[in-house]
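The values are calculated or read from the model by the stated rules, or taken from the named source; none is laboratory data. Worth saying up front: this structure is predicted, and the values here are computed from it rather than measured. Neighbour counts are summed over all protein chains in view; Cβ atoms, including those assigned to glycine, are modelled from backbone coordinates with ideal geometry.
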Amino acid sequence: MRLDFVLNSSDRGDKHTITLPERSEIPYKDKWETTDIFPSDQEWENTFKTVAAMIPELGEFQNKIGESANNLLNFLNLREEIYELLGKLYLYAGLRNDEDSTVPKYQAFKDRANSLRAQFQEKTAFYQPEILAIPKNKLISFLKEYSELSIYRHHFEDIQRVKDHVLPLEQETLLAMSGEMGGGAYNIFSMFNNADIKFPTIKDEQNQDVEVTKGRFQKFMESPNRRVREDAFMALYQTYSNWTNTLAATLSTAIKRNIFYSRARKYEKALQAALYDDNIPQEIYENVINSVKNNLLPLHKYMKLRRKILDVDELKPWDLHVPLVSKVKFDIPYEESVEYLLEAFEPLGGGYLDILKNSFNSGWIDVFENKGKRSGAYSWSVHGVHPFVLLNYNNMLHDLFTLAHEMGHAMHSYYTQKSQPIIYSGYTIFVAEVASTLNEALLRNHLLKTTTDKMTKLYLLSDYADHIRGTIYNQTLFAELEKIIHETVENGEALTAEYLDKLTGDLYSRYLGPDFSPHPLLKINWCRVPHFYYNFYVYQYVTGFSAAASLSQKILTGDTSARDAYIDFLSKGSSNYSVDLLMDAGVDMSKPEPIEAATELFDDILNDIEALIN
């Protein structure tokens, strides 16, 4: 298919109000099929009663699962039966609530499912401590005695792996009791950042007074009017600058929380503790930072190119998000987006395409916006039923890529749940974005290959470059900052606003290079990033993108072994550790090569942009 576009044009003059349709007005074919979970609300109620009656049975196994292989197997079978039904209860309630939040019945369903899940967690809390209490030799004998237990070998090994960091019951109880206080710093920041902070008004492109909000800020940053962009930047950052001492104290408290828990559990560093649950070596985190720091020249080249295209004497922070090509507007009906994906994903093979085709016609996807529907997009899957995808499709290029992204998650879940027992039917955050990002890479490649219009191709390339800059370089800058501030506190030093300002300013200057002219207010950007409260999270954006880029480039060469290894990766779920799963797929994230390949791809895109504008 050819990617069509139209130039932006003025309004036609026919003024009328367009309202959202009611849920009942959405065509059946464009709605997800929740009857695949439960055929009726009454069946949901019946299952709820069944699960509520089953949960107390779990408590009968307390202090007994280490007595015999039979007890252990029976407990696991019961736990998984309940877990699957609970997942379906919560999925059904969540989907029905999200499709129309004005229906109070399904909000009540969600609340009841949450309550039931809490009961389940309470009744199974004894499981991990009792597994840890079973001598290793005895646990191995259980596996030999019952072949049905053999699938749990990796699961048991994973529990045993953290044994040195599990404390005596009394201490574990104290740590659990501190959990609400531990979340205090983020809760305070979130309340301030989302509810209390207010920004002044600015003049928009039509010289109208408009209040700056965080939601409008990004739109202002993409305005072709440079005065609007600068005014919005100053309005937002000057407001935050009045609160940097308070926000430094809040962030410092969050960092101290991470360090407290890491030391309480006998880890050497907070970084080691944050990575340990997923068994991610610290070297991988450090490899992300070092590999990107050693490949900053493409980013400096990008800044120089952006300054040239925007034709500004100095490239300022408010010049970093405006699209380099602003005259292209896409109009892609949903049916065409489906065709784009089927064409773009041909390199993944006929088996993948057959499942994808079926998903578009089998009630997986809720396509269009309606009154009361949740905003945004997601993929949601539980064991025992096909994945579900929420969209709010509106014919934009962004919507096409959102569909590709969410179907990546959905296909990952489908393959995993088809191939793995329920114990391994999920996957970690470290690998979660690989399938979704790989789908985006294949789609971009297809659009660039089939698009003949120069402006459209330039738009796609510049959008891709912006995406890589935001994912690879910006998130690595954040990851380095996060590592440094933890080490600072671990060394007994204070996180003052002045210290954080200087550190952030130095990092931006080093990363963005000589063609970027930082404004003094940019150095306070540390104070408004919620991810700094997530405990070493952002590096996974870099690893996920790099792994996906590496895999997609191999697949696009027609390497069937690379394709088959990728499909096998989708099928593995959490049956092995994340790093090993990617290694088996052909990507070693402990080495610089995958990240270097992503920076080389960035450089190639910049060369293509230069060729088109010269």
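Tabulated results
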{"read-out": "Considering residues of region 114-164 that are out of contact with any Asp or Glu (no Cβ under 9 Å at 6 or more places or on another chain), farther than 21 Å from Tyr577 by Cβ and of a type in the set (Lys, Arg) only, the residue surrounded by the most Cβ atoms within 10 Å (Cβ to Cβ)", "value": "Arg117"}
{"read-out": "Within region 167-194, tally of residues that are within 25 Å of Ile65 (Cβ to Cβ) and touching a residue at least 60 places away in the same chain (Cβ under 8 Å)", "value": "3"}
{"read-out": "Residue pairs meeting the criteria (Cβ under 7 Å; at least 6 apart or on separate chains; first among the β-branched types (Val, Ile, Thr), in region 427-447; second not in a helix (DSSP H, G or I))", "value": "Thr428/Asp278; Thr428/Ser574"}
{"read-out": "Qualifying helices (runs of 4 or more DSSP H) (wholly inside region 211-318; at least 1 residues being surrounded by 15 or more Cβ atoms within 10 Å (Cβ to Cβ) and in contact with a Pro (Cβ under 8 Å, 6 or more places away or on another chain))", "value": "226-241, 270-276, 282-293, 297-310"}
{"read-out": "Of all residues in region 365-396 being closer than 15 Å to Glu335 by Cα and among the aromatic types (Phe, Trp, Tyr), the one that is surrounded by the most Cβ atoms within 10 Å (Cβ to Cβ)", "value": "Tyr393"}
{"read-out": "Condition check for Asp399: among the charged types (D, E, K, R), touching a residue at least 24 places away in the same chain (Cβ under 8 Å) and surrounded by fewer than 20 Cβ atoms within 10 Å (Cβ to Cβ)", "value": "yes"}
{"read-out": "Residue list for region 374-392, restricted to those being under 12 Å from Trp364 (Cβ atoms) and of a type in the set (Phe, Trp, Tyr)", "value": "Trp380, Phe388"}
{"read-out": "Meets criteria (crowded, with 22+ Cβ neighbours inside 10 Å, of a type in the set (A, V, I, L, M), out of contact with any strand residue (DSSP E or B) (no Cβ under 6 Å at 6 or more places or on another chain) and in a helix (DSSP H, G or I)) for Leu461", "value": "yes"}
{"read-out": "Filter result for the condition that a residue is over 23 Å from Glu148 (Cα atoms), among the β-branched types (Val, Ile, Thr) and surrounded by fewer than 17 Cβ atoms within 10 Å (Cβ to Cβ), over Thr102, Thr34", "value": "Thr102"}
{"read-out": "Filtered residues of region 361-391 (kept if of a type in the set (A, V, I, L, M, F, W, C) and either in a loop (DSSP other than H, G, I, E, B) or in contact with a Lys or Arg (Cβ under 9 Å, 6 or more places away or on another chain) (or both))", "value": "Trp364, Ile365, Val367, Phe368, Ala377, Val382, Val385, Leu390, Leu391"}
{"read-out": "Criterion violated by Phe536 - all others in (1) free of Cβ contacts under 8 Å to residues at least 40 places away in the same chain; (2) in contact with a helix residue (DSSP H, G or I) (Cβ under 6 Å, 6 or more places away or on another chain); (3) in a loop (DSSP other than H, G, I, E, B) satisfied", "value": "(1)"}
{"read-out": "Number of positions in region 541-574 that are of a type in the set (Ser, Thr, Tyr), under 21 Å from the mean Cα position of the chain (by Cα) and surrounded by fewer than 23 Cβ atoms within 10 Å (Cβ to Cβ)", "value": "3"}
{"read-out": "Neighbours by Cβ (under 6 Å, 6+ apart or cross-chain): first from region 573-592, at positive phi; second of a type outside the set (Phe, Trp, Tyr) and surrounded by fewer than 19 Cβ atoms within 10 Å (Cβ to Cβ)", "value": "Gly586/Ala565"}
{"read-out": "Condition met for Leu495 (at pLDDT 95 or above, outside any helix (DSSP H, G or I), under 26 Å from Trp526 (Cα atoms) and in contact with a Leu (Cβ under 7 Å, 6 or more places away or on another chain))", "value": "yes"}
{"read-out": "Verdict on Ser326 being among the polar types (S, T, N, Q), surrounded by fewer than 19 Cβ atoms within 10 Å (Cβ to Cβ) and modelled with pLDDT under 95", "value": "yes"}
{"read-out": "Verdict on Asn207 being at positive phi and not aliphatic (A, V, I, L, M)", "value": "yes"}
{"read-out": "Residue selected from region 119-162 under the condition part of a helix (DSSP H, G or I) and aromatic (Phe, Trp, Tyr), by the criterion nearest to Tyr424 (Cα to Cα)", "value": "Tyr152"}
{"read-out": "Within region 551-571, tally of residues that are part of a loop (DSSP other than H, G, I, E, B) and either of a type in the set (D, E, K, R) or in contact with a strand residue (DSSP E or B) (Cβ under 6 Å, 6 or more places away or on another chain) (or both)", "value": "1"}
{"read-out": "Top-ranked residue of region 484-509 - restricted to ones that are among the small types (Gly, Ala, Ser) and over 18 Å from Glu268 (Cβ atoms), ranked as surrounded by the most Cβ atoms within 10 Å (Cβ to Cβ)", "value": "Ala497"}
{"read-out": "Residue that is touching a Phe, Trp or Tyr at 6+ places or on another chain (Cβ under 7 Å) and at pLDDT below 95, where the choices are Thr452, Thr437, Thr456", "value": "Thr456"}
{"read-out": "Region 342-359: number of residues that are under 23 Å from the mean Cα position of the chain (by Cα), part of a helix (DSSP H, G or I) and hydrophobic (A, V, I, L, M, F, W, C)", "value": "3"}
{"read-out": "Of all residues in region 214-270 being of a type in the set (Ser, Thr, Tyr) and in contact with a Cys (Cβ under 8 Å, 6 or more places away or on another chain), the one that is nearest to Ala497 (Cα to Cα)", "value": "Thr244"}
{"read-out": "Single residue of Asn71, Asn77 found to be in the same structural domain as Leu143 (by TED's automatic domain parsing), closer than 30 Å to Asn137 by Cβ, loosely packed, with under 14 Cβ neighbours inside 10 Å and at pLDDT 95 or above", "value": "Asn77"}
{"read-out": "Where Pro518 falls short, out of the listed (1) within 25 Å of Lys316 (Cβ to Cβ); (2) of a type outside the set (A, V, I, L, M); (3) surrounded by 19 or more Cβ atoms within 10 Å (Cβ to Cβ)", "value": "(3)"}
{"read-out": "Any hit, region 538-556, residues being small (Gly, Ala, Ser) and farther than 30 Å from Ala273 by Cβ", "value": "yes"}
{"read-out": "Tabulated pairs, region 133-147, first among the basic types (Lys, Arg), second surrounded by 14 or more Cβ atoms within 10 Å (Cβ to Cβ), C-beta under 7 angstrom, 6+ apart or interchain", "value": "Lys136/Gln160"}
{"read-out": "When residues of region 107-132 are limited to those that are of a type in the set (Lys, Arg) and without any contact (Cβ under 8 Å) to a residue 60 or more places away in the chain, the one nearest to Gly66 (Cα to Cα)", "value": "Arg117"}
